[in-house]
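Input: a single structure, listed below in structure tokens.
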Amino acid sequence: MKEKGEYFMEGNIACAEGALKAGCGFYAGYPITPASEVMNHLSEELPKVGGRFIQMEDELGSMASIVGASWTGLKSMTATSGPGFSLMQENLGYAVMTETPCVVVNVQRAGPSTGQATKPGTGDVMQARFGSQGDYELIALSPNSVQEMFDFTVRAFNLAERYRTPVVLLADAGVGHMREKVKIREDVKTVKRRRPEEGEREFFDTDREDHVPPMPNFGEGEELLVTGSTHLGDGTRDTSSFEAQDNLVRRLVDKIEDNREDIEDWEEHHAEDSDLVVVSYGSMSRPARGAVRKARKEGHNVGFFRPKVIWPSPEKRLKKIGENSKVLLAELSLRGYRMEVERSVPSENLHIFDRLNSLPTVDKIYDNIKEVL
Amino acid sequence: MLKAKDIKEKYVRSHPSPFCPGCGGGMVLNSLSRAVEKSKLSKDEIVAVSGIGCAAWIPSPHWRVDTLHTTHGRAIAFATGVKLGNQDLEVMVVSGDGDCAGIGGNHLLHGARNNVDMNVFMINNGLYAMTGGQVAPTTEHDEETLTTPYGNPSSSFEAAEVVKAAGAGHVARWTTYHMNELIEEVEKAIETDGFSFIEILTQCPTRTGKKKNMSGLEMLEWYKENTSKDQDTEKIYVGTLSKVDKPELTEQIYRQIKEAGGDPK
Amino acid sequence: MIKIRIGGWAGQGTVRAGTILGRSLSIEQGYHVVQQRSYSAAVRSGIAYSDVIADKKELDELVIDTPNYLLVMYQNTLDEWEDTAKKVDVLIVDSSRVENVPEIPGKIYEVPAGKIAEDIGTAKAANVVLLGSLARVSEKIDIDMLKKTVREEFPEKYTELNIEALEKGFEEVSDRE
Ligand code: SF4
């Protein structure tokens with residue numbers, strides 16, 4: 001684990017360092033480009049701070065074992081890319097259903113299928129949200145710099161622990177494989193899951209306003225019932241009643257929905273008073289922000305909006321922006337975030353700059369801004 | 001030694017049994033509980049991990065220990081996380097033949113190769129029972145099932161032999177007819193610091209029984225007649241298939257952590 | 001804004017050179033720096049290169065369209081990049097491995113980096129020799145800071161050799177751009 005200071009570091013390594021600082025105690029993974037560096041780094045560093053590292057036989061197993069380890073009280077994580085992320089979906093849903101805190105890093109690459117393994121893409125945005133079966137909500141963060149690979153990994157752990165839910169760090173090969181300066185602070189704030197208080201016996205339901213029940217560990221004599229089947233507050237499987245399904249699934253969704261204010265995070269510049277607002281996220285949002293800066297310098301009235309937390313999506317804010325100005329969505333995919341933005345911005349106001357395979361230069365987006373204005 | 005009634009009281013949650021009359025699932029639960037009672041284990045140390053299928057419901061929610069009822073085929077992978085997470089826990093996996101050797105086959109192989117300290121009980125009824133009796137990897141050649149109406153064109157998978165070859169520390173096979181031997185074998189499994197795999201041939205009167213026109217009792221009779229503790233017969237061998245000493249994964253990883261300067265506490 | 005591309009055959013240390021340069025500009029010289037690497041995914045063969053972009057202001061340009069400085073360590077790489085080479089301000093080649101240099105409007109420096117590196121101990125240091133030359137050519141790149149970075153980047157037993165490589169590369173070029 002790096003001491004406090006400034007480092008010139010690759011995004012994936014910054015992610016691994018963030019995990020160490022956040023108190024990660026268990027990592028399971030499987031090699032895949034362009035995410036492997038996270039695993040390579042943790043295989044060496046995690047044992048030094050007492051954490052367990054294992055390379056599993058596949059991504060199904062990686063996702064499964066981090067859930068298992070989380071129930072022994074360890075903060076746990078895996079990292080992968082598209083093909084592996086697809087394999088993880090079922091057990092990711094299991095983590096949602098059993099309210100198991102864990103962090104899943106997806107360093108997105110150009111898909112579909114094997115696609116172009118070293119090239120960036122953000123075609124997994126919808127999958128991160130809807131990839132597993134059934135109704136649910138989860139939290140996904142979208143970093144756009146090496147610094148944010150570090151910071152957002154820490155936040156991903158904190159949110160996972162705070163809300164007893166899997167959190168996806170939805171990075172891309174652009175930020176994963178580039179090097180930049182990263183500042184590592186000593187006083188990184190970390191959060192731990194809420195433990196049951198004396199006499200608290202319901203670990204899968206709560207009356208609390210935040211909808212987050214307490215979480216004990218295996219081996220504490222609680223005779224825990226953890227199941228991916230619909231269950232009652234004490235964990236008992238209930239595969240048929242209306243109440244059980246309605247109560248559990250609604251609470252799981254509300255747990256994210258009702259805590260939006262705490263979870264949501266975005267960056268914006270002149271999003272209120274511009275003729276055109278460029279909406280972008282991930283590595284693409286860097287040249288997009290550069291293009292907005294350039295446009296403003298040239299006297300154009302252009303704003304910028306970037307969700308840092310992409311799920312839950314800041315839909316109200318997007319709607320507000322779309323009401324007042326034209327929107328140019330700039331993304332590294334054709335279908336990544338598009339439907340979500342289309343939902344909030346009237347079609348006559350929405351313009352698209354989509355690109356595949358590689359990041360554009362600032363000028364390329366700037367030219368597009370001028371066309372749309 | 002506790003009486004049957006007390007064993008039930010101590011180890012079984014009072015939920016209505018989900019099993020069909022005559023099913024072997026309850027007998028397995030009973031054997032596991034008895035073995036734990038005979039061993040030095042406290043039940044608070046046990047985490048029972050299971051996947052999907054009738055067998056997965058043996059521990060969850062019925063066994064009065066910590067349970068982790070997971071996704072289809074992945075129990076061993078979840079269990080690996082539990083064991084590596086806390087070495088002091090005694091991890092038991094209860095999994096059907098389809099769950100364990102079919103959809104979860106890869107985890108079975110690598111769990112055995114890693115020789116990670118857990119006890120895996122493969123409840124083998126020769127088909128997919130919960131979903132209606134479809135052919136499984138363990139179904140015999142030519143056998144009729146729901147999805148092999150013309151007979152199984154494929155051959156059966158010798159899970160115990162494969163697990164042995166993959167390097168598990170302890171491999172055995174018994175049937176629900178052999179309750180006493182099974183209990184002893186489970187005790188051995190608990191004592192083994194490594195991957196213990198016990199295949200338990202278990203009667204499913206509802207699916208297999210119906211096809212073969214046999215009751216649960218008749219199936220137990222069949223196990224008695226068609227198995228042998230002697231390896232040199234044509235019958236199905238029951239007993240220990242292998243017991244080897246080899247490095248156990250958790251032990252190795254905890255040692256490495258300490259050598260790297262960490263504390264796995 | 002300075003845009004530098006270092007390219008060659010995989011295994012020649014182009015990414016390593018980019019990292020040293022990027023780190024030096026970022027940590028030691030206080031620039032905002034982005035460094036990208038690019039080589040084929042699974043197999044480590046073919047052209048490998050590294051891009052370094054540095055600016056005094058906050059940096060949102062993550063990729064290079066046309067570099068100001070192009071450093072090339074292998075003939076086939078230069079052949080492949082002839083069009084790019086025609087647009088750069090400065091082309092520096094390892095003349096031990098690049099013999100045919102096209103005519104370009106920009107300035108060309110031919111540095112026998114491979115040979116120099118071999119003479120001081122190992123051909124592997126050719127990438128660092130070229131960095132020394134680059135520091136001579138561009139006054140924005142500080143050779144002393146590069147030396148400091150090399151001391152921190154390499155294991156101790158290789159630092160002296162690499163410092164010498166930097167110096168030799170620096171001395172080999174007599175004029176600034
Ligand atoms: S279907 Fe077969 S295995 Fe399942 S509970 Fe009934 S008898 Fe037991």
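Of all positions in the stretch B:215-223, at least one carries a residue that is over 20 Å from the mean Cα position of the chain (by Cα), part of a loop (DSSP other than H, G, I, E, B) and over 23 Å from B:LEU108 (Cα atoms).
Consider A:ASN217 carefully, then state whether it is open to solvent by less than 50 Å² (accessible area, probe 1.4 Å) and away from chain B (no Cβ under 14 Å).
Details: open to solvent by less than 50 Å² (accessible area, probe 1.4 Å): yes; away from chain B (no Cβ under 14 Å): no.
No: the conditions fail for A:ASN217.
When C:ASP60 is tested against (1) at the interface with chain A (Cβ under 10 Å from one of its Cβ atoms); (2) open to solvent by 10 Å² or more (accessible area, probe 1.4 Å); (3) within 24 Å of A:ARG289 (Cβ to Cβ); (4) charged (D, E, K, R), exactly one condition is not met: (2).
Okay, residues lined up against (1) among the hydrophobic types (A, V, I, L, M, F, W, C); (2) more than 25 Å from A:GLU17 (Cβ to Cβ); (3) not assigned by TED's automatic domain parsing to the domain that holds A:ARG179:
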{"position": "A:TYR94", "(1), (2), (3)": "no, yes, no"}
{"position": "A:MET97", "(1), (2), (3)": "yes, yes, no"}
{"position": "A:CYS102", "(1), (2), (3)": "yes, no, no"}
{"position": "A:ALA110", "(1), (2), (3)": "yes, yes, no"}
{"position": "A:GLY115", "(1), (2), (3)": "no, yes, no"}
{"position": "A:ARG129", "(1), (2), (3)": "no, yes, no"}
{"position": "A:GLN133", "(1), (2), (3)": "no, yes, no"}
{"position": "A:ILE139", "(1), (2), (3)": "yes, no, no"}
{"position": "A:PRO143", "(1), (2), (3)": "no, no, no"}
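If I ask for residues that are outside any loop (DSSP other than H, G, I, E, B) and within 14 Å of chain C (Cβ to nearest Cβ), which ones from the stretch A:326-368 would you list? Walk me through it before giving the result.
The first filter runs over the stretch A:326-368 and keeps only residues outside any loop (DSSP other than H, G, I, E, B), leaving A:326-331, A:338-344, A:347-354, A:362-368.
Residues satisfying the conditions are A:ALA330, A:VAL362, A:ASP363, A:LYS364, A:ILE365, A:TYR366, A:ASP367.
The residues of the stretch A:58-93 that are facing chain B (nearest Cβ under 8 Å), surrounded by fewer than 24 Cβ atoms within 10 Å (Cβ to Cβ) and within 18 Å of the chain's Cα centre (by Cα) amount to a single one, A:GLU90.
A residue that is open to solvent by 10 Å² or more (accessible area, probe 1.4 Å), within 14 Å of chain C (Cβ to nearest Cβ), under 16 Å from A:VAL38 (Cβ atoms) and not acidic (Asp, Glu) occurs somewhere in the stretch A:171-181. Please verify whether A:LEU138 is within 14 Å of another protein chain (Cβ to nearest Cβ) and either surrounded by 20 or more Cβ atoms within 10 Å (Cβ to Cβ) or touching a residue at least 24 places away in the same chain (Cβ under 8 Å) (or both), treating the condition exactly as stated. No, not satisfied. Could you check, for the stretch B:151-159, whether at least one of its residues is crowded, with 21+ Cβ neighbours inside 10 Å, within 16 Å of the ligand (Cβ to nearest atom) and either within 14 Å of chain A (Cβ to nearest Cβ) or in contact (Cβ under 8 Å) with a residue 24 or more places away in the chain (or both)? So far as the stretch B:151-159 goes, no, none of its residues is crowded, with 21+ Cβ neighbours inside 10 Å, within 16 Å of the ligand (Cβ to nearest atom) and either within 14 Å of chain A (Cβ to nearest Cβ) or in contact (Cβ under 8 Å) with a residue 24 or more places away in the chain (or both). For the stretch A:220-263, the tally of residues that are among the β-branched types (Val, Ile, Thr), part of a helix (DSSP H, G or I) and open to solvent by 20 Å² or more (accessible area, probe 1.4 Å) stands at 2.
For the stretch B:247-265, taking the residues that are open to solvent by 40 Å² or more (accessible area, probe 1.4 Å) and facing chain A (nearest Cβ under 7 Å), the one that is modelled with the lowest pLDDT is identified as B:LYS265.
The sole residue among C:SER26, C:SER50 that is open to solvent by less than 40 Å² (accessible area, probe 1.4 Å), out of contact with any Leu (no Cβ under 7 Å at 6 or more places or on another chain), within 13 Å of chain A (Cβ to nearest Cβ) and assigned to a helix (DSSP H, G or I) is C:SER26.
Specify which of the listed residues (A:THR122, A:THR153, A:THR114) is in contact with a helix residue (DSSP H, G or I) (Cβ under 7 Å, 6 or more places away or on another chain), open to solvent by 20 Å² or more (accessible area, probe 1.4 Å) and not charged (D, E, K, R). Working first, answer last.
Working: A:THR122 fails: open to solvent by 20 Å² or more (accessible area, probe 1.4 Å); A:THR153 fails: open to solvent by 20 Å² or more (accessible area, probe 1.4 Å).
Answer to the selection: A:THR114.
The values are calculated or read from the model by the stated rules, or taken from the named source; none is laboratory data. Owing to the predicted nature of the structure, the values given are computational and were not obtained by experimental measurement. Please note: Cβ atoms are built from the backbone with ideal geometry, for glycine as well, and neighbour counts cover all protein chains shown. For accessibility, only protein heavy atoms count, side chains too; no ligands or nucleic acids. Shrake-Rupley method; radii C 1.70, N 1.55, O 1.52, S 1.80 Å.
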